[in-house]
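The values are calculated or read from the model by the stated rules, or taken from the named source; none is laboratory data. Computed from a predicted structure; not experimentally measured. Here the Cβ positions follow ideal geometry from the backbone for every residue, glycine too, while neighbour counts run over all protein chains shown.
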Amino acid sequence: MSVAEVVLGRRQLFMLPTRFGLLFALLLMVQLLVAINYGNGLAYALTFLLGSLAVVSMLYTHRNLFRLRLSASACAPVFAGEVAIFKIHITNDSDTPRFGVAVMHAKKEIGRVDIAARSSADVSLNVSAVKRGWLMLPEVTVTTRFPLGLLYSWSRRIALDHFCLVYPRPADPTPRQPREEESLESTTGIKAGGDDYIGAREFQPGDSPRHVDWKAVARGEPWRVKQFGAGYQATVWLDWDTLEVLDAESRLSVLTRWVLDAEHDGMLYGLRLPEQTLNPSNGEPHQHECLKRLALFGLKP
Amino acid sequence: MNSAPVDRRVLLSLIAAGAMAVAPHSFELPPWIIAVFALGGVWRYGIEFLRWYRPGGLVRFGLMLLLLVAVFRQFHTLLGRDPGMALLITLMGLKFLELKTARDFFVGLFVFYLIILGSFLYGQSLWLGGWALFATAASTAALVHLTQPTGLDMWRRLRLSGAMLAKAVPLMLIVYLLFPRISGTLWGLPADAHSGLTGMPDSMQPGSIRHLSESSEIAFRVSFDGTPPPLRELYWRGLVLTDFDGRGWQRNATQAAKQEVSFFPLNESVSYQVTLEASNKPWMPALDLPATRPKGARYHPDFTLEHRAPISERLNYSVTSYTRYRTGALDATEHAGALSLPRNLGPRVRALAAQWQQESSGPLQVAQAALDYFRRENFVYTLSPPLLGDDPVDEFLFDTRRGFCEHYASAFVALMRAAGIPSRVVVGYLGGELNTAGNYMIVRQSDAHAWAEIWLAERGWVRVDPTGAIAPERIELGIDAVRRLELQGVALGSLSSEAVQRALALGWFEFIARHTRWYWDYTNLAWYRWVVDYGKERQERFLTSLGLDDISWSRLTGLLFVGALLVMLVYAFLLLRPKKSVDPALALYLRFCRQLARAGMVRAPHEGAIDFAHRCAHRRPDLKNRMDAITEHYVRVRYGQPTGADELRAFKREVATFRV
């Protein structure tokens, strides 16, 4: 079952002693034997104090994960072959700070955070995007050994309902077969990569820090990236049918490459796929829309 | 995580915890063992922070062999308590040099817990218990540091460890009180489990009791079932001395153990529990005369109790005594022993005794004549008598006439024997200090006393305390009063009782000091009863007092688990319940509103903070600036951009200083 948000309740959490917990139990046995043999009241007291300490630490360990809220935040689309970075968001709504909360995936620790009272922390989970389409956030578990390391508490496997869009892997540069109706007229528009300021968009991981609008950041506004461009001319059609010799996946790869090139060159470009057509346009949203169509082409929704 | 190297700051926590764990052993083990441990810690510190030489595996192995040899040379064995602790501590010191992974650290900390436990094998004082609690908290804090190297500074780690230990204490108490105890040990205790002490001597030489009386150490404590008898009846019988060599008195070692108690009680019995301090002597003082034989004791025909072995640790026993009694007949050897005198006894003594014998009609009159003689002839009771020579009885009776209880008892018995009356010296303790804090009596070594017994055909042994003739204060008020009177230069036996009361009245400082001492002593006794002596018998007594008669293992274990579970449920409720937390800024603002409400300005439920401030400013223009400042601050902290703790603290100050 996958949901957008999971709160760790009693039913989601388990606990067992760690190896050191078992060693500690052995220590207590030795201490108890000494206490019994010497009939030593203080030795009994210390033994029972340490035993009680371990028992009390169960509550602390449990509380360290109890009622943590897990969610995931938007994952920037990636190309197949790249690594998708999921952000898992752990929120602590309580007044008790949480320490050493480790997020595990496939038995490996992917991040360890301390979360102050009434605050939250992020853990990134890197997943290799192998295939185009939707990449699901893999199941994770949350674990802790806090405070004494004698006990190990972990959560049930948590599947958050979260996906990352994986674009097809761009093919090597491939010459494009022009189609007849393509116009070479100069059109007013914007081409990325010029010198003129053409607006700003939201910051995405991977953007050059040089283009971040630092002044706005300093004012406390959200991170934005300044975009520069210049006028451009051409309109092209990127057409599935022009790539008859190739199989479907390769065609998608080539089309992906073309979309990227066209966007880079500042052309107006349209996309033609079987039963789908995107009219020529340009810019970030258009590129994303094209790549998304290519990513999801032929996949069941 | 288990094999990853550990943050070296954790090492500091570990070394600190180790120092605390090992510290008490520095009083018990040879200094070089502690030094090895300390050096190990310092060396590792140097390696980590000062780039000192880091020894390789071979060097460490060599050092280990060296330590084994050194420990063996010290103790001539590697088994037992002392060598065991020495090995644990020195090898842990060596281990400092190679601690690397989390596992090493965990094992190290567990060894510290074991070392703390080891210190209890040398003593179980209240101090040690307190220190051990700190040491445990330090080791636990280091455990926290090891598990959680980030996010918690030292104080928060210590606080967390302290809070967890505090929560563990109630659970510990349940288990401690209910965990089934066994009597005896699992296997033999090592020979070095106990060590030497001092106590009442086996014989009485001139000066031996006075020497004892200089010690304010506690001899034993007594809890009476019911009201304690008056001070003058508290004659604690220690041992009876019959053999006299002219100077000193010895026990008659040949007397056979008697199983049957042969005296007729003449009044109500007195029952009490004695907690005897370790003395390394077998005497078990009991109120004159004991009628029961406590476990592990022998009952001698002279009505004294002797433990089967020297008392090397505190001993608890219950006795029932009768303070008025009539004893039976003497057999021939006893009779002869109670009359024997050394040949070299001074002629003046014999002449005096013979004179009384002629003048009197019976033994009782002779005894009375002796007491009158002490009273009449300018004898002085003093805590600092002059030294006596070869014939102390003669010298004391006719020359110095200044003495302590032992002089009087010794001289009295010598006179009685010279007059043909069977008699003997009894040493023990007289009186005691009633500790009102715990309603029990403290008897100190300074309460040591010697008195006489004469044998009368119709009454058996009769106690005669010649000291009473000279210094009735000693019997009525106790040694402490005598000491204080003597310090004030007051002659004993000469004062009216009001004058004595006046002289003995305590100043406020003495009063406080004395009560503090009592409470402290009571704490110690309680500590002893509930910690050191809490074994099978005491546990049974405790459970019976709770109304639990059937004390089977299964019942105890069941109780134990139910108790522990209850405590855990309470904790779970406290720790895991969702807290209704109020925004701190809001809480402060509400405090501000309460101030205003007291002045008649009540904020309506729908009213915003700024509107409210405006309204209040109309009514109290004098406060406008302050109120506006607070309101603005509140709005900024609560609704504005996230602010730091400083801002909130400033707001708090502002509210705290606001007065209507």
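Go through segment A:35-79 and count every residue that is in a helix (DSSP H, G or I) and either within 39 Å of the chain's Cα centre (by Cα) or among the aliphatic types (A, V, I, L, M) (or both). Give the steps one after another, and end with the answer.
Initial filter on segment A:35-79 (in a helix (DSSP H, G or I)): A:35-38, A:41-65.
This time we only want the ones that are either within 39 Å of the chain's Cα centre (by Cα) or among the aliphatic types (A, V, I, L, M) (or both), so: A:35-36, A:42-43, A:45-46, A:49-50, A:53-65.
Summing the residues that are in a helix (DSSP H, G or I) and either within 39 Å of the chain's Cα centre (by Cα) or among the aliphatic types (A, V, I, L, M) (or both) in segment A:35-79 gives 21.
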Tally of residues being more than 23 Å from B:GLU540 (Cβ to Cβ), more than 7 Å from chain A (Cβ to nearest Cβ) and not hydrophobic (A, V, I, L, M, F, W, C) across segment B:144-186: 8
Condition check for B:ALA526: closer than 30 Å to A:ALA45 by Cα, among the hydrophobic types (A, V, I, L, M, F, W, C) and either touching a Ser or Thr at 6+ places or on another chain (Cβ under 9 Å) or at pLDDT 80 or above (or both): yes
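Residue-by-condition table, conditions (1) touching an Asp or Glu at 6+ places or on another chain (Cβ under 6 Å); (2) modelled with pLDDT of 90 or more; (3) among the aliphatic types (A, V, I, L, M):
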position	(1), (2), (3)
B:ARG326	no, no, no
B:LEU330	no, no, yes
B:ARG348	yes, no, no
B:GLN358	no, no, no
Residue in segment A:1-20 that is farthest from the other protein chains (Cβ to nearest Cβ), counting only those that are in a helix (DSSP H, G or I) and surrounded by 19 or more Cβ atoms within 10 Å (Cβ to Cβ): A:GLN12
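Only one of B:THR140, B:THR90 is at the interface with another protein chain (Cβ under 10 Å from one of its Cβ atoms), surrounded by 23 or more Cβ atoms within 10 Å (Cβ to Cβ) and among the hydroxyl-bearing types (Ser, Thr, Tyr); which? Please lay out each step first, then the result.
On the way: B:THR90 fails: at the interface with another protein chain (Cβ under 10 Å from one of its Cβ atoms).
Residue meeting the stated conditions: B:THR140.
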Sole exception among (1) buried (at least 21 other Cβ atoms within 10 Å of the Cβ); (2) part of a strand (DSSP E or B); (3) among the small types (Gly, Ala, Ser) for A:SER120, by number: (1)
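Of all the residues that make up segment B:581-620, how many are part of a loop (DSSP other than H, G, I, E, B), away from every other protein chain (no Cβ under 14 Å) and acidic (Asp, Glu)? Spell out how you get there, then give the answer.
Of all residues in segment B:581-620, those part of a loop (DSSP other than H, G, I, E, B) come to B:581-583, B:599-608, B:620.
From what's left, away from every other protein chain (no Cβ under 14 Å): B:599-608, B:620.
Filter once more, keeping what is acidic (Asp, Glu): B:607.
Of the residues in that region, 1 qualify.
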Those residues of segment B:642-660 which are touching a helix residue (DSSP H, G or I) at 6+ places or on another chain (Cβ under 7 Å) and not β-branched (Val, Ile, Thr), in sequence order: B:GLU647, B:LEU648, B:PHE651, B:LYS652, B:GLU654, B:PHE658
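Let's see how each residue does on (1) aromatic (Phe, Trp, Tyr); (2) touching a helix residue (DSSP H, G or I) at 6+ places or on another chain (Cβ under 6 Å); (3) surrounded by 15 or more Cβ atoms within 10 Å (Cβ to Cβ):
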{"site": "B:GLY40", "(1), (2), (3)": "no, yes, yes"}
{"site": "B:GLY46", "(1), (2), (3)": "no, no, no"}
{"site": "B:GLY57", "(1), (2), (3)": "no, no, no"}
{"site": "B:PHE61", "(1), (2), (3)": "yes, no, no"}
{"site": "B:ALA86", "(1), (2), (3)": "no, yes, yes"}
Failed condition for A:ALA74, given (1) of a type outside the set (Val, Ile, Thr); (2) within 14 Å of chain B (Cβ to nearest Cβ); (3) over 21 Å from B:PHE573 (Cβ atoms): (2)
Where B:ASP153 falls short, out of the listed (1) in contact (Cβ under 8 Å) with a residue 12 or more places away in the chain; (2) more than 30 Å from B:PRO55 (Cα to Cα): (1)
Flag for B:ARG326 being among the basic types (Lys, Arg), assigned to a helix (DSSP H, G or I), touching a residue at least 12 places away in the same chain (Cβ under 8 Å) and surrounded by fewer than 20 Cβ atoms within 10 Å (Cβ to Cβ): no
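Which of the residues that make up segment A:93-117 are outside any strand (DSSP E or B), farther than 10 Å from A:ASN64 by Cβ and either within 13 Å of chain B (Cβ to nearest Cβ) or within 14 Å of the chain's Cα centre (by Cα) (or both)? Break it down stepwise before answering.
Filtering segment A:93-117 for residues outside any strand (DSSP E or B) gives A:93-97, A:106-107, A:116-117.
Among the residues that remain, those that are also farther than 10 Å from A:ASN64 by Cβ are: A:93-95, A:106-107, A:116-117.
Listed by number, the residues that qualify are A:ASP93, A:SER94, A:ASP95, A:LYS107, A:ALA116, A:ALA117.
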